[in-house]
Every structure is written in C-alpha cells, then in structure tokens.
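Have a look at the structure below, then the notes.
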Amino acid sequence: MNPFWHTNLSALVLTGLTTVSVLGQSAPPNRQQALYDQYNGISHRSTGVKPVTKQKQPVVGQPRPESAPAPVETDSRTEEAAMPVVHISERTRVRIGARGGVLTPVLTGNNRYSAGTDFIGGVMLVVGSGRVQFQPEVNYSRTAFRSRFLGNGIARSAVDQVVVPLLARLSFGPVTGTQVYINAGPYSAYETSNSVNGLKIPFDRDEQRLSYGAAAGVGLAVRTGPGHIGLDVRGRYQLTSTTPAGSEARSSALYTEATLSYLYPLGRRR
C-alpha cells in the first residue's frame with residue numbers, strides 16, 4: 001500500500017474512534033453499542049422476547065389486608081310484616097277454668113222434704129273465640145234434705161251427684177275486657193251416693209239414678225290477669241224423677257246455683 005494512503009487511512013480511523021469515544025461518554029450504553037455495531041457491520045434482529053417485569057413479593061410475616069364485609073341492610077318494615085301481631089281473641093280459642101259455689105233446691109210436687117243450701121263445684125271449658133261459644137262442664141254437687149216421718153223426729157238425708165251440663169254461651173263485650181254472657185242448654189245428673197243421718201243407703205235395683213233437665217243462667221266475666229273471674233247465677237230444672245213411681249217423696253226440683261269461676265286461656269296470647 002502506498003504510504004500516503006496508509007497514513008491518511010490511519011488518521012481517518014483514529015478520528016472516527018475518537019469521535020465514537022467522545023459520543024460514548026454522553027450516549028447511553030445501548031446507543032454506544034449500536035454505533036459500534038453499525039461501524040463493524042453487525043445487524044440485530046428482534047427476538048420477540050418481551051421484557052420480564054418483576055412482581056412485587058409480599059413481605060413474609062406481614063398479614064394481608066382484608067376488606068371489611070359490606071353491612072347488610074335490613075328493612076324493619078319487612079321484619080314486622082314477617083311477624084304478624086295476632087290479638088288474644090284470635091289466638092286463644094280454648095279456655096279452661098274451675099267453678100264453685102252454693103246450691104239450693106226448690107222442691108216441687110207432693111213431698112215431705114225441705115231442702116237446705118249446699119255446695120257445687122267442678123271444672124269447665126269454653127271453646128270458641130267469637131260471640132257464640134260452647135261451654136261443657138263436669139260438676140260435683142251435694143244436696144241436703146230434711147223430712148219428718150210420722151212425728152218420730154227429723155231425718156236428714158243427702159244426695160251426691162255428678163252433673164254434666166252442655167251449654168251454649170252467648171257473650172257480649174271484648175274478650176280482653178269485661179263481658180256479660182248468657183248460657184243455656186241441657187244437662188244430665190247421676191247420683192253417686194245416698195245417705196240418711198250420715199249412714200249410706202244402698203240403691204235399689206229399680207231406683208232411677210240418672211236424671212236430666214235443662215239449665216239457663218246469666219253471668220259477668222271481668223278480666224283479671226291473663227284470664228277472667230266470673231260470677232254466674234243459674235237455674236237447673238230437673239225433668240225426671242230419681243225415685244220409683246208412686247213413692248211419696250221428692251219428685252222433681254229446680255236447683256238454683258250461685259258460683260264464682262276463673263277461666264284461663266290456653267295457647268299463645270299477647
């Protein structure tokens with residue numbers, strides 16, 4: 001090679017390297033590499049590899065923040081609609097109670113007996129929540145009589161009976177307050193024992209122990225606590241005789257009763 005061209009080519013290369021060195025101090029490393037590759041004829045193709053982004057790793061031992069649950073809104077009107085308010089008259093269709101008081105017979109027909117005042121008591125049900133109700137009862141009563149036989153003194157006799165009235169009850173007034181009522185219906189009575197001057201007398205085979213009749217009365221019921229206290233005045237008229245035909249004894253009687261009672265409602269109530 002001619003020494004002239006050799007000298008000029010060397011100077012040109014040195015000048016280019018100096019320029020590249022100066023530019024490399026201010027250009028970023030990638031730009032410097034690109035100039036170097038362009039000078040040396042090296043070409044680069046895109047590899048298609050996307051840069052990998054480094055995900056942030058959670059710190060060990062640090063709890064993850066939990067989002068608070070959203071408050072559940074409830075409609076008070078819906079809850080009230082789901083729990084209907086029912087009055088006591090709609091909830092308590094059955095009431096149970098006890099009654100007790102005095103019993104005085106008024107004898108009719110030809111007889112030598114005079115009656116005194118004795119007692120009656122029992123249990124009762126009132127079924128129904130409307131104005132018309134059904135009132136069955138089971139009562140136990142004792143009725144005392146006095147009689148004079150042939151001037152030889154006074155004999156005192158007593159009759160024990162189980163009395164079962166089946167009454168219809170017509171009430172006026174609210175069931176949660178004071179009520180006035182009327183009851184009426186049939187009844188049956190069965191004699192369980194008979195005594196004279198304290199000595200029990202056996203029943204004869206032909207003696208009629210079962211009797212029946214009709215009963216009617218009025219009463220007042222006052223709300224007291226969960227139930228009602230009632231005052232009842234009633235009359236029972238006996239339609240059949242409990243003695244053999246032709247016997248000169250009591251034939252039939254009107255039984256008057258004055259009793260106190262307490263009715264307690266069964267089931268749910270307000």
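The values are calculated or read from the model by the stated rules, or taken from the named source; none is laboratory data. Just so we're clear, the structure is a prediction, and the values are computed from it rather than from any experiment. Using ideal geometry, Cβ is built from the backbone for each residue, glycine included, and neighbour counts are taken over all protein chains shown.
Per-structure values
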| item | result |
| --- | --- |
| Extreme residue, farthest from V222 (Cα to Cα), among residues of segment 161-188 that are assigned to a loop (DSSP other than H, G, I, E, B) and of a type in the set (S, T, Y) | T176 |
| Residue count, segment 189-223 (criterion: part of a strand (DSSP E or B) and touching a strand residue (DSSP E or B) at 6+ places or on another chain (Cβ under 8 Å)) | 22 |
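Conditions (1) within 16 Å of E137 (Cα to Cα); (2) at pLDDT below 85; (3) not assigned by TED's automatic domain parsing to the domain that holds L254, marked per residue:
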{"position": "A168", "(1), (2), (3)": "yes, no, no"}
{"position": "S171", "(1), (2), (3)": "no, no, no"}
{"position": "V175", "(1), (2), (3)": "no, yes, no"}
{"position": "T178", "(1), (2), (3)": "no, no, no"}
{"position": "I182", "(1), (2), (3)": "yes, no, no"}
{"position": "G185", "(1), (2), (3)": "yes, no, no"}
{"position": "S193", "(1), (2), (3)": "no, no, no"}
{"position": "D206", "(1), (2), (3)": "no, yes, no"}
{"position": "L210", "(1), (2), (3)": "no, no, no"}
